[in-house]
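Here is the structure we will look at, set down as structure tokens.
The values are calculated or read from the model by the stated rules, or taken from the named source; none is laboratory data. Remember, it's a predicted structure, so these values are computed and weren't measured experimentally. Here Cβ is always computed from backbone atoms with ideal geometry, including for glycine, and neighbour counts include all displayed protein chains. When the accessible area is computed, the model is the full protein with side chains, heavy atoms only, and any ligands, DNA or RNA have been set aside. Shrake-Rupley method; radii C 1.70, N 1.55, O 1.52, S 1.80 Å.
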Amino acid sequence: MIVYVKECQYVSLKDIVTWIKNGIAVQPFKSKADVRENDVVIMSNRDEDTDIRLTMNNVLIYEDFFEKVSSSIIQEFCYNHDYYYLKNALSRAKESDITTLISGSSYGVLGIDPSYIENTVNLSSISQDLYYSSSLVKGACATNLNIKNIVFCVGYYYFFTDLSRTQNLDEILRISKVYKPLLHDEHHCILLPPCNKMLYESNIFDIEKVFDLYTWGEYTKGFFNQNRQRKDFAAKEWDDKSKSWSELSSREKIEAGKRRAELHNRSIKRESSFFENVTILQDFLDFCSKREINVLFVITPVTSYYLDYLDPDFKSEFYRVLNEVNGIVHLLDLSDNKEFVDADFNDTDHLNDRGAKKLTLNIVQALAEM
């Protein structure tokens, strides 16, 4: 098969080559006589030479396939943004100039401003537990031997969480969409909901290659950018979803803090997950000790509305674990740090842009002092 490109001011050979799979020849179109039955001619629908479109069966219109494929690429990326973001982040984390990795739950992905921290990749994600956090970090460290610091941004309840045992269908779907394809590991999950894929398939066009270029370009824009703003990811545990955190009354904030804390308080009963996570943590600390990697746990800031209702046993158990494990663990506990005020939050326990800058600068200082 040969792909012939009918060049004009709207389509060039250079434009098309990027789309074509390796091993398929791409040549400029010169004559209909050169085109065999199994060859393909690509041309613009704005090309004035309409005879080719009308007399040949093996013609592809550039604008048609470009629109269809581009649309599927954008839909696939938006549907499974976190997988593609983490996939590229993991790839970046394996490069030798990276010396610090950030991991952890939504507190890490929503609470960090990368513009204030150098040589760092953020591998945290929404609803990410210790099992998947440590797996991602180990995967990066196996390739990149220059990693010196690992930062876990978490809440006190972190050691009680296990994404694979949750009853929340949306969170289980994250294993199907993110961790199973990325790490080939469903952990304890027995039944996984199906994960749809919206990309076209083709025996001519290398859709995956074009898609990879697109997702890398989106990754370089950052998890948050002009089209994805931090404020849009607020966990709105209040009735009027049209309101932002700053627009709520004190009564609404108290109720939101109670609801949010009660969601987390349920996990205090997950003893089996707790004991497994202690084992995972110890294994991870042994891994880091052999490689002389510093480990810093950051309890990220939360509002008093949330902290007042969070089960205090979470904090005591968190501290007990860090005190009893073998190995050096640094801790930066900012849960009720007075530097962070109500105006630094998007919701009861997640920071806004201003708060993320403060948190990031606190982490930078802590790393410098280690």
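Tabulated data for the structure shown
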{"read-out": "LYS68 free of Cβ contacts under 8 Å to residues at least 12 places away in the same chain, within 30 Å of ASN227 (Cβ to Cβ) and out of contact with any Ser or Thr (no Cβ under 8 Å at 6 or more places or on another chain)", "value": "no"}
{"read-out": "Any hit, the stretch 188-204, residues being modelled with pLDDT of 95 or more and acidic (Asp, Glu)", "value": "no"}
{"read-out": "Extreme residue, nearest to the chain's Cα centre (by Cα), among residues of the stretch 22-39 that are open to solvent by less than 70 Å² (accessible area, probe 1.4 Å) and not polar (S, T, N, Q)", "value": "ILE24"}
{"read-out": "Which numbered condition ILE126 misses (of (1) surrounded by fewer than 20 Cβ atoms within 10 Å (Cβ to Cβ); (2) touching a helix residue (DSSP H, G or I) at 6+ places or on another chain (Cβ under 7 Å); (3) part of a helix (DSSP H, G or I))", "value": "(3)"}
{"read-out": "Residues located in the stretch 81-106, provided they are within 22 Å of MET370 (Cα to Cα) and buried (at least 18 other Cβ atoms within 10 Å of the Cβ)", "value": "ALA93, ILE98, THR100, LEU101, ILE102, SER103, GLY104"}
{"read-out": "Test for LEU331: is it at pLDDT 95 or above and either surrounded by fewer than 21 Cβ atoms within 10 Å (Cβ to Cβ) or more than 20 Å from LEU310 (Cα to Cα) (or both)", "value": "yes"}
{"read-out": "Criterion violated by THR143 - all others in (1) open to solvent by less than 70 Å² (accessible area, probe 1.4 Å); (2) touching a Lys or Arg at 6+ places or on another chain (Cβ under 8 Å); (3) closer than 30 Å to HIS330 by Cα satisfied", "value": "(1)"}
{"read-out": "Selection status of ILE299, crowded, with 17+ Cβ neighbours inside 10 Å, closer than 19 Å to SER134 by Cα and either free of Cβ contacts under 8 Å to residues at least 40 places away in the same chain or touching a Lys or Arg at 6+ places or on another chain (Cβ under 8 Å) (or both)", "value": "no"}
{"read-out": "Wholly enclosed helices (runs of 4 or more DSSP H) of the stretch 150-220 bearing at least 1 residues β-branched (Val, Ile, Thr) and out of contact with any Gly (no Cβ under 9 Å at 6 or more places or on another chain)", "value": "169-174, 207-220"}
{"read-out": "Test result for ARG46, open to solvent by 30 Å² or more (accessible area, probe 1.4 Å), part of a loop (DSSP other than H, G, I, E, B), within 30 Å of CYS8 (Cα to Cα) and charged (D, E, K, R)", "value": "yes"}
{"read-out": "Residue within the stretch 59-76 that is closer than 25 Å to SER176 by Cβ, touching a Lys or Arg at 6+ places or on another chain (Cβ under 9 Å) and crowded, with 18+ Cβ neighbours inside 10 Å present", "value": "yes"}
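Okay, residues lined up against (1) over 27 Å from ASP311 (Cβ atoms); (2) open to solvent by 50 Å² or more (accessible area, probe 1.4 Å):
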{"residue": "THR215", "(1), (2)": "yes, no"}
{"residue": "ARG230", "(1), (2)": "yes, no"}
{"residue": "SER250", "(1), (2)": "no, yes"}
{"residue": "ALA261", "(1), (2)": "no, no"}
